[in-house]
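Asks: Questions regarding the structure given below will be posed in turn.
The values are calculated or read from the model by the stated rules, or taken from the named source; none is laboratory data. The shown structure was predicted, so the numbers you read here are calculated from the model rather than taken from an experiment. Here the Cβ positions follow ideal geometry from the backbone for every residue, glycine too, while neighbour counts run over all protein chains shown. The area values use the complete protein model at the heavy-atom level, side chains included, leaving out ligands, DNA and RNA. Shrake-Rupley method; radii C 1.70, N 1.55, O 1.52, S 1.80 Å.
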Amino acid sequence: MNIPDNDLKDFGRRMPFNVPEGYFDSLSRQILASAEIETVTAATVPCQRRRFVGVIRRLAVAASIALVIAAVFAAVMRSPSVTFEDVEEVYSLMSSEDQNLIDTDYSDDIFLALTE
Amino acid sequence: MTDNEIIAAMQTDIHAGFPMLVKAYTEPVYWHIRRMVVSFDDTQDVAQETFLRIYRSFGSFRGDCKLSSWIYRIATNEALRFIERREARPSAASEGDFDAVADEYVDLSDNLSVELQRAIHTLPPKQQAVFNLRYFNELDYAEIAEIVGSTASSAKSSYHIAKEKIKEYILNTSIR
């Protein structure tokens, strides 16, 4: 083979590669379709992530319930609903034997003494 | 349609802008990849992957280089990655064996252009990219440097070395 003028430019920019008729239209359509699939896939939360989000949500709900129970318990402890009148009523319903037992056992109780 | 129009459209609504980009760049990107990858089917896969990568990462395009440079850089990297994987296969042809990867979509009867391609494919893949971008795409060295990640002087030097190697190859094969 002769190298024309020993310069590559004389080889020209022709290439031996070819493609079928209408190939680039078809390739463009395939590329756009792939991008469309990519968009749909990206918009869908992957299963792994969704499972993680589910666990987080359940933990949050459990924590909220625990918080409500703790708050109610604390409120009950701070303001007992059992009044002195209730205690008196229960005391009156007791047998004289039980009343004597309580009187004996708690006669020195400072808190009971204060209520009298 | 200009690159600036494509960039503006992509930034406003990527779903409207991307078809514009694909329309403008499918052919040039395809031929750039084809010159390096050669095989018709493989080029199609690499081209699709290139455009998907462009679609996914357009948010990282900061406009500090030309859109075409950015696109060619992604295409070049995808082609180089593909060639590296192909050459790592146990059944891979020896490096630079153009005929081993040429398929029915290569016109082997076109002696002059086939001989030039055989010579180009004796070069390391990255040097092929530099040579092709200068010889076929007629890009300036600064733009080639942006694409292959080097300096303009390095790209110029790489092109001239490549050209000498190609001439030597052609001269040697024509003597035989």
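Asks: Suppose we filter the range B:66-92 for residues that are part of a helix (DSSP H, G or I), out of contact with any helix residue (DSSP H, G or I) (no Cβ under 7 Å at 6 or more places or on another chain) and surrounded by fewer than 19 Cβ atoms within 10 Å (Cβ to Cβ); how many remain?
Replies: Counting residues in the range B:66-92 that are part of a helix (DSSP H, G or I), out of contact with any helix residue (DSSP H, G or I) (no Cβ under 7 Å at 6 or more places or on another chain) and surrounded by fewer than 19 Cβ atoms within 10 Å (Cβ to Cβ) gives 7.
Asks: Would you call B:Phe51 aromatic (Phe, Trp, Tyr) and more than 9 Å from chain A (Cβ to nearest Cβ)?
Replies: The answer is no for B:Phe51.
Asks: Picking from B:Gly96, B:Gly59, B:Gly63, which residue would you name as being closer than 23 Å to A:Ala33 by Cβ and at pLDDT below 95?
Replies: Just one listed residue meets the conditions, B:Gly59.
Asks: If you check B:Ser68 against the conditions, is it farther than 21 Å from B:Asn137 by Cα and either more than 12 Å from every other protein chain (Cβ to nearest Cβ) or over 15 Å from the mean Cα position of the chain (by Cα) (or both)?
Replies: No.
Asks: Still on this structure, I have one more. Condition check: open to solvent by 30 Å² or more (accessible area, probe 1.4 Å), modelled with pLDDT of 90 or more and assigned to a helix (DSSP H, G or I). Does B:Glu138 satisfy that?
Replies: no
Asks: Taking the stated definitions as given, is B:Glu168 open to solvent by less than 30 Å² (accessible area, probe 1.4 Å), modelled with pLDDT under 95 and either farther than 28 Å from B:Ser68 by Cβ or of a type outside the set (Gly, Ala, Ser) (or both)?
Replies: The answer is no for B:Glu168.
Asks: Can you tell which of B:Ile166, B:Ile161, B:Ile144 is in a helix (DSSP H, G or I), facing chain A (nearest Cβ under 9 Å) and more than 30 Å from A:Glu21 (Cα to Cα)?
Replies: B:Ile166
Asks: What residue, among those in the range B:1-56 that are outside any helix (DSSP H, G or I) and touching a helix residue (DSSP H, G or I) at 6+ places or on another chain (Cβ under 7 Å), is farthest from A:Ala33 (Cα to Cα)?
Replies: Checking each candidate, the answer is B:Val38.
Asks: So, B:Arg73, is that one touching a Ser or Thr at 6+ places or on another chain (Cβ under 6 Å), closer than 21 Å to B:Val148 by Cβ and modelled with pLDDT of 95 or more or not?
Replies: Criteria not met by B:Arg73.
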